[in-house]
């Protein structure tokens, strides 16, 4: 009877709701071995329906961590055949979580799970276009400003961007706030912007806004602290009769 009852771990994506993207074809089903599990492992009498590592996949398959799916991987004899990824006993890797998953000369862009060709070799940050020189090669993405060269910060799109000059007040910061003597370069909230500006969250940019006393002056957006919002993350940031869709208030 045990073999015909899906194990609790197999139901985790279902119980978690939106934690893993799946469809009905990925619901757990009883199994005797891996051959009936469409690339996943048969564990304790039930097919796995997602993966977080390649050990969760059947022979000849690798875990694409970003989608939590086991994908059939091309056979390979060396990294040269894998388009920047490592050749492993199961075949070419199809995604990465660290530089060790990539072939020599490639670096893992962790935000997308893809191996990207490294830029030219370096001995300092100077030739790296705002990124750090690490282990003799330029970084190509960032997860924090510590991975950027001096004078650059890591923005929400995982890119190193140049910081604006030092400041003593907001007036020299092109719409952004002056914080601790440095101009902000991105925003998540309008409090990150100078007076008269609001945060356009889709682009993380402070844009000039209209002063207001009520929502009717704001073309569907909320009048917030005497300034019209210019984007939204929820419908309560829109005027009555409008709802938030794709960072815009629409009727």
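Only one of (1) surrounded by fewer than 19 Cβ atoms within 10 Å (Cβ to Cβ); (2) over 22 Å from residue 113 (Cβ atoms); (3) at pLDDT 85 or above fails for residue 25. Which number is that?
All conditions are met except number (3).
So in region 60-87, with the set limited to residues that are out of contact with any helix residue (DSSP H, G or I) (no Cβ under 6 Å at 6 or more places or on another chain) and closer than 21 Å to residue 118 by Cα, which one is surrounded by the fewest Cβ atoms within 10 Å (Cβ to Cβ)? Even if it seems obvious, please write down each step before you answer.
First pass over region 60-87, keeping only residues out of contact with any helix residue (DSSP H, G or I) (no Cβ under 6 Å at 6 or more places or on another chain): 60-61, 64-85.
Subset that is closer than 21 Å to residue 118 by Cα: 78-85.
On the way: 78: 9, 79: 19, 80: 11, 81: 14, 82: 22, 83: 15, 84: 22, 85: 25.
Among those residues, the one meeting the criterion is 78.
Residue by residue through region 141-162, note down the ones that are within 22 Å of the chain's Cα centre (by Cα), in a loop (DSSP other than H, G, I, E, B) and over 20 Å from residue 117 (Cα atoms). Lay out the reasoning, then the answer.
First, the residues of region 141-162 that are within 22 Å of the chain's Cα centre (by Cα): 141-149, 152-162.
Within this subset, residues satisfying the condition of being in a loop (DSSP other than H, G, I, E, B) are 141-144, 149, 155-159.
Residues satisfying the conditions are 144, 155, 156.
Would you mind finding the one in 125, 99 that is under 25 Å from residue 144 (Cβ atoms) and under 24 Å from the mean Cα position of the chain (by Cα)? Lay out the reasoning, then the answer.
On the way: 125 fails: under 24 Å from the mean Cα position of the chain (by Cα).
Answer to the check: 99.
Output the number of the condition that residue 77 fails; it satisfies all remaining conditions of (1) closer than 30 Å to residue 48 by Cβ; (2) more than 20 Å from the chain's Cα centre (by Cα); (3) touching a residue at least 12 places away in the same chain (Cβ under 8 Å).
Condition (3) is where residue 77 drops out.
Tell me the residue from 51, 57 that is within 21 Å of the chain's Cα centre (by Cα), at pLDDT 85 or above and surrounded by 19 or more Cβ atoms within 10 Å (Cβ to Cβ), please.
Values: 57 fails: within 21 Å of the chain's Cα centre (by Cα).
Result of the check over 51, 57: 51.
For residue 112, which of the numbered conditions (1) part of a loop (DSSP other than H, G, I, E, B); (2) within 26 Å of residue 230 (Cβ to Cβ) fails to hold?
Evaluating residue 112 over (1) part of a loop (DSSP other than H, G, I, E, B); (2) within 26 Å of residue 230 (Cβ to Cβ) leaves (2) as the failure.
Mind checking which residues of region 194-208 are in contact with a helix residue (DSSP H, G or I) (Cβ under 8 Å, 6 or more places away or on another chain) and assigned to a loop (DSSP other than H, G, I, E, B)? Give the steps one after another, and end with the answer.
Residues of region 194-208 in contact with a helix residue (DSSP H, G or I) (Cβ under 8 Å, 6 or more places away or on another chain): 194-195, 197-199, 206.
Result: 194, 195.
With respect to residue 174, is the statement that it is assigned by TED's automatic domain parsing to the domain that holds residue 202, assigned to a loop (DSSP other than H, G, I, E, B) and within 23 Å of residue 201 (Cβ to Cβ) true? It would help to see each step written out before you state the result.
On the way: assigned by TED's automatic domain parsing to the domain that holds residue 202: yes; assigned to a loop (DSSP other than H, G, I, E, B): yes; within 23 Å of residue 201 (Cβ to Cβ): yes.
It is true that residue 174 is assigned by TED's automatic domain parsing to the domain that holds residue 202, assigned to a loop (DSSP other than H, G, I, E, B) and within 23 Å of residue 201 (Cβ to Cβ).
Which of the residues belonging to region 117-139 are surrounded by 13 or more Cβ atoms within 10 Å (Cβ to Cβ) and touching a helix residue (DSSP H, G or I) at 6+ places or on another chain (Cβ under 9 Å)?
119, 122, 131, 132, 133, 134, 137, 138, 139
The values are calculated or read from the model by the stated rules, or taken from the named source; none is laboratory data. A quick note: this is a predicted structure, and the numbers were derived from the prediction, not measured. Ideal geometry is used to build each Cβ from the backbone, glycine not excepted, and the neighbour counts take in all protein chains shown.
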